[in-house]
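Reviewing the structure listed below.
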């Protein structure tokens, strides 16, 4: 479980996070949703330690991450897998080398075991056969899947996914969503997904935090999100005509 | 090591050969009257060992290697590859910069020695080919009043410049923020700052070691 308490972050005079409180549970797909500029990415970067918080606590289990020194943070980070929005694959390495990278850096596995584990992850993301290609030689969707394979190769306790479906076709988006859900439930991972994609939220979201102007404006599960009564959330959820139609149908029932 | 050193051998060799030959011709132009013929070999040797190989070659390498390092690390920064390393628990600076620093420290002296040898060799060739002086005079000029410390001085300078070029370039690459345009800017800044710092360091080291 990850607990965030009273987290504040400002860039110069501009406050981005105004005291965020949130809990992200193990074995659940926890969504952070919100409009662009609401502070989702900043919050995630604070949680993984890429940005220092101005105030507040971030706890991984019982460990107070924000109080740890560099060595302590590295120890926690080795239990983290992160899927970046752009993939963030190492472009000088092949697909297979990218996926094997975390194992090469930190695991005690033999090279054969690493290879086997990396291939297993590539099979899960349906990328068997692409292992010798470089990131520049595969499509954007494939890059995302490679990045997901790299994020899960070390069986992380905590998985962060930044816009996992952005730039993907609907079919691939569903594959990625299902994979995130399956891995989370299979390994009991604490998964945090940042997304704008309401399809994903409604399909796989176990717990949802809605950020609005640097604050958690709403928290609940996917069953409640369609009828939250929070104006800013309704504006976000029902931004598309499709979602408006869904609401009409739900109200008729 | 390959990107920093092996891929630079060609340009280093090319420049050294032409510079050695040109210095020989220019010196030969001054020879005659009270200037003895062996001055050609002497001047080529001193120029190549004291200044051209250890200073001009690193300056040229700062354009090739420095911009390469800055743009590579800069691209990694703007495409979140460095964030990915950090989140994995990898110390990105050590992981990305240290190998480049060590590679440069190892390979720059080799390149500089290659430049010295090729420059002096090219001088000998042009003297013979263009009948500027006899080989015996040139050879005598290469040996006359030779101080082995000059080579030590050159290699010390080279190592310092290698350190400056890689660390300045890595710094500019690492602290790139934005997109492709900023990567280009960092790359340019890396070269400009490297060259300026190398020039200042050259003066300081020369003052310290040769006076």
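Within the option set B:166, B:188, being touching a helix residue (DSSP H, G or I) at 6+ places or on another chain (Cβ under 6 Å) and either more than 21 Å from residue B:49 (Cα to Cα) or assigned to a helix (DSSP H, G or I) (or both) holds for one residue only, B:166.
Between B:74, B:66, the distinction of being modelled with pLDDT of 95 or more and either in contact with a strand residue (DSSP E or B) (Cβ under 6 Å, 6 or more places away or on another chain) or more than 28 Å from residue B:26 (Cα to Cα) (or both) belongs to B:74 only. Of all residues assigned to the stretch B:94-111, at least one qualifies as being in contact (Cβ under 8 Å) with a residue 60 or more places away in the chain and over 29 Å from residue B:175 (Cβ atoms).
Of the residues making up the stretch A:83-113, just one is at the interface with chain B (Cβ under 8 Å from one of its Cβ atoms), touching a helix residue (DSSP H, G or I) at 6+ places or on another chain (Cβ under 6 Å) and more than 25 Å from residue A:167 (Cα to Cα), namely A:102. If you go through the stretch A:30-54 and keep only what is more than 12 Å from the chain's Cα centre (by Cα) and more than 14 Å from chain B (Cβ to nearest Cβ), you end up with A:34, A:35, A:36, A:37, A:38, A:39, A:53, A:54. Search the stretch B:83-106 for residues being buried (at least 21 other Cβ atoms within 10 Å of the Cβ) and within 29 Å of the chain's Cα centre (by Cα), and hand back the single one that is nearest to the other protein chains (Cβ to nearest Cβ). Within the stretch B:83-106, the match that is nearest to the other protein chains (Cβ to nearest Cβ) is B:96.
Every residue in the stretch A:42-80 that is within 17 Å of residue B:92 (Cβ to Cβ), in contact with a strand residue (DSSP E or B) (Cβ under 7 Å, 6 or more places away or on another chain) and touching a residue at least 60 places away in the same chain (Cβ under 8 Å), please. Matches in the stretch A:42-80: A:48, A:80.
Which condition number does residue A:165 fail, the rest of (1) at pLDDT below 90; (2) crowded, with 19+ Cβ neighbours inside 10 Å; (3) within 30 Å of residue A:63 (Cβ to Cβ) being met? Condition (3) is where residue A:165 drops out.
Conditions tested, residue by residue: (1) at pLDDT 85 or above; (2) assigned to a helix (DSSP H, G or I); (3) in contact with a helix residue (DSSP H, G or I) (Cβ under 8 Å, 6 or more places away or on another chain).
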site	(1), (2), (3)
A:194	yes, no, yes
A:203	yes, yes, yes
A:210	yes, no, yes
A:216	yes, no, no
A:223	no, no, no
A:236	no, yes, no
A:239	no, no, no
A:245	no, yes, no
A:251	no, yes, no
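The values are calculated or read from the model by the stated rules, or taken from the named source; none is laboratory data. All of these numbers come straight from a predicted model, not from anything done at the bench. Neighbour counts are summed over all protein chains in view; Cβ atoms, including those assigned to glycine, are modelled from backbone coordinates with ideal geometry.
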